[in-house]
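What follows draws every value from the coordinates through simple rules; no lab data is involved. Every value quoted in this text rests on a predicted model; they were computed, and no experiment measured them. With ideal geometry, Cβ positions are generated from the backbone for all residues, glycine too; neighbour counts draw on all protein chains shown.
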Amino acid sequence: MLTLFNELLAATMLAFRQPIETYIDLETADDPNTLVSGDGSLVSFVKLHGSRQIIGDEEYRWIVDQATVKLGSRFDRVGYAMQIYFMRDASMIQREIDRCMRGNRSAARAIELQLSDLLDERRTNLARYMAHEEVYLVLWTRPAALSPNDLKVALKQRADKKWVMSPNAQFPMQALEALRTRHRSYVTSVIASLEEIAMKASVTEVHQALAQVRTSIYPTAGHDQWRANLPGDPLMPRTAQGNNKKDASDILWPPIRRQICTGDAQTISSTIVRVGDLLWGGVDMTLAPSEPSPFPQLLSRLIDSEVPFRLSFLVESAGAQGAKFLSGMAGILTFTNQINKQIRESLKSLIVLSQSQPVVKLRISISTYTHNNERKLIETRLSALTQALESWGYCQASSAGGDPLQTVMSSALGVACASTAPASIAPFHEVVKLLPWQRACSPFADGAVLFRTEDGRMWPYQMGTTLTTTWFDLIFAQPGSGKSVLMNALNLGAIGKRGTSPLPRQ
């Protein structure tokens, strides 16, 4: 019955245009590393660069155990959420290669070497085997983290702040002051916990974070130099839109949602929506995996299908509190059938388990896209997403979420602490097993030599930096395995190091 209702609801929305900016719930928080949502929640973006160690089975189990203890300390109480965002797109890798090879080209010009043909050929060949990846943690501290009295005082303090009338501009005093200390402690503890489990991570400045949010919505329109206009930036007055002389919106910073969302959206079918010049389709996990499996198992299936995708895990704290209500309702309806009794017993066990470890709510959404004129291709890719997701630990997935645009936006980076995917109540230890811990990370942000992992993740390498006191290269392999090619690449990388002016003697 619910499926039929969703199909009828989706059918009534066909060919209707929707303002995509209504899904953006971000404002400024007068902090270089923090944003605020409409309800006063504080939001920070943490870029997870990857693991600093080689992860085998033993290391994976250690990371899962340690992450459960260190990251789960906040998820046993209400008011905290974390989105784990993972995206992979092979078509965006050339932009990343160009950024990393910028130093090679400038060094070649400085020492007057004609290497353009070689670098262009290397760029073309590397793009065939690599894909662009991004992993972010979006940390939310909700007003529910405050006690009722503290929340009442914080709301009164915000209401007492004086500000000009500007309904169509940013309001930099939206944040609740009482949340700042809790949010700062939350972010600091997450960063420290990631470092302790050998994960390289850094807090992203708000301009860079908003640029990544925009790129997640419009992948083909992303640009490295794009910056949102935020409080503290130079004001860029606009032409007055109304006759109200008291409205100061036109001389203040425009809303973030309007700066990010530069294209409209149109519902094409019950599962496909057009956003800008791209067709999107989204899939929600409707039933969590019965056997939680490591993330590389899902990733390998998606790589084999050659589908660009973005994936969102939304983890919300205090899942056991919702289980109490559901357990009570299942207990009332126990007499109707045996399934309600099983549900009640299962929820009761989760409530008992929450006394020893965090129990959270988990929502998983994934989406893919293609160009506007490739309707058949987006349907094929949507089917590939569903098959890959359902083969990952025996779960169930569906693309019939009612509103296809909302389903697609559920997997976008940090636009709102919400999702169309139904919430699954699970121990935090089981949720941690699903997260992308096994992504290799280079200690160098960029380098003169570009290596890659076996699954196509970029791994830059740079010789002679301040990160190492000394270095040596030990190369051994069977004849014909490419030792000479590697040594030549390293020598060329030493010559093409950023900042090189004379030709190195060694």
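Can you list residues from other chains, or at least 5 along the same chain, whose modelled amide H is less than 5 Å from the amide H of L311?
F86, M87
As I understand it, the value is the acute angle between the Cα axis of helix 206-217 and the longest principal axis of the Cα atoms of the chain; what does it come to in degrees, rounded to 10?
In the chain, helix 206-217 runs at an angle near 80 degrees to the longest axis.
Express in whole angstrom the spacing between the alpha-carbon centres of segment 193-241 and segment 65-129.
Distance between centres, Cα-based: 16 Å.
Given the Cα atoms of segment 158-218, and with Rh set as the inverse mean 1/r over their pairs in the Kirkwood sense, what is Rg to Rh to two decimals?
Value, to two decimals: 1.10.
Kindly rank 370-379, 269-278 from highest to lowest mean number of other beta carbons found within 10 Å of each residue.
269-278, 370-379
For M487, M463, M199, what's the fewest-to-most ordering of other Cβ within 10 Å of each Cβ?
Final ranking by Cβ density, sparse to dense: M487, M463, M199.
Give me the net charge for the shell around L413: Cβ to Cβ below 12 angstrom, other residues only, Lys and Arg +1, Asp and Glu -1.
Charge balance in the 12 Å sphere: +2.
Once Rh is set to the Kirkwood radius over Cα pairs, what Stokes-Einstein translational diffusion coefficient, in µm²/s, holds for segment 365-506 at a temperature of 4 °C and a viscosity of 1.567 mPa s?
So the translational diffusion coefficient is about 64 µm²/s.
With a/c under 1.5 counting as rounded, go ahead and sort segment 124-232 into rounded, prolate or oblate using the C-alpha gyration tensor (a ≥ b ≥ c being the square roots of the eigenvalues; past the cut-off, prolate if a/b is larger than b/c, else oblate).
oblate
Most exposed first by the Cβ proxy, i.e. fewest other Cβ within 10 Å, how do D65, D284, D89, D224 rank?
Ranking D65, D284, D89, D224 by Cβ neighbours within 10 Å, fewest first, gives D224, D65, D89, D284.
How far, in degrees from 0 to 90, does helix 57-71 lean away from the longest principal axis of the Cα atoms of the chain, to the nearest 10?
The angle comes out near 50 degrees.
Specify the angular offset, from 0 to 90 degrees and rounded to the nearest 10, of the alpha carbon long axis of helix 338-353 from the longest principal axis of the alpha carbons in the chain.
60 degrees
Could you please report the charge total around A144, scoring K, R as +1 and D, E as -1 over all other residues with beta-carbon less than 12 angstrom from its beta-carbon?
Neighbourhood net charge equals 0.
Can you compute the helix-only [θ] at 222 nm over the chain? Use -39500 (n - 2.57) per DSSP H run of at least 4 residues, normalise by all residues, nearest 500 deg cm²/dmol.
-11000 deg cm²/dmol
Treat the count of other C-beta atoms within 10 Å as a stand-in for reagent exposure and order W62, W280 from fewest to most.
Ordered by Cβ neighbours within 10 Å, fewest first: W62, W280.
State the label only: which of [x] -0.58; [y] -0.51; [z] -0.66 corresponds to log10 I(q)/I(0) by the Debye sum over Cα atoms at q = 0.08 Å⁻¹ computed from the shown model?
[x]
Give me a comma-separated list of calculated 3J(HN,Hα) values for segment 464-478, in order, Karplus coefficients 6.51, -1.76, 1.60 applied at θ = phi - 60°, integers in Hz, x for any Gly or Pro.
Per residue, the Karplus-derived 3J(HN,Hα) values read x, 10, 6, 6, 10, 6, 7, 7, 8, 10, 10, 10, 8, 5, 5 Hz.
What is the local net charge at P231, summed over the other residues whose Cβ is closer than 11 Å to its Cβ (Lys, Arg +1; Asp, Glu -1)?
Local charge sum for P231: -4.
Using DSSP, restrict attention to beta bridges with both residues in the chain and report what percent are antiparallel, rounded to the nearest 5.
95 percent
Would you work out if segment 209-280 is rounded, prolate or oblate? Take a ≥ b ≥ c from the square roots of the eigenvalues of the alpha-carbon gyration tensor; rounded if a/c is under 1.5, else prolate when a/b is larger than b/c, oblate otherwise.
oblate
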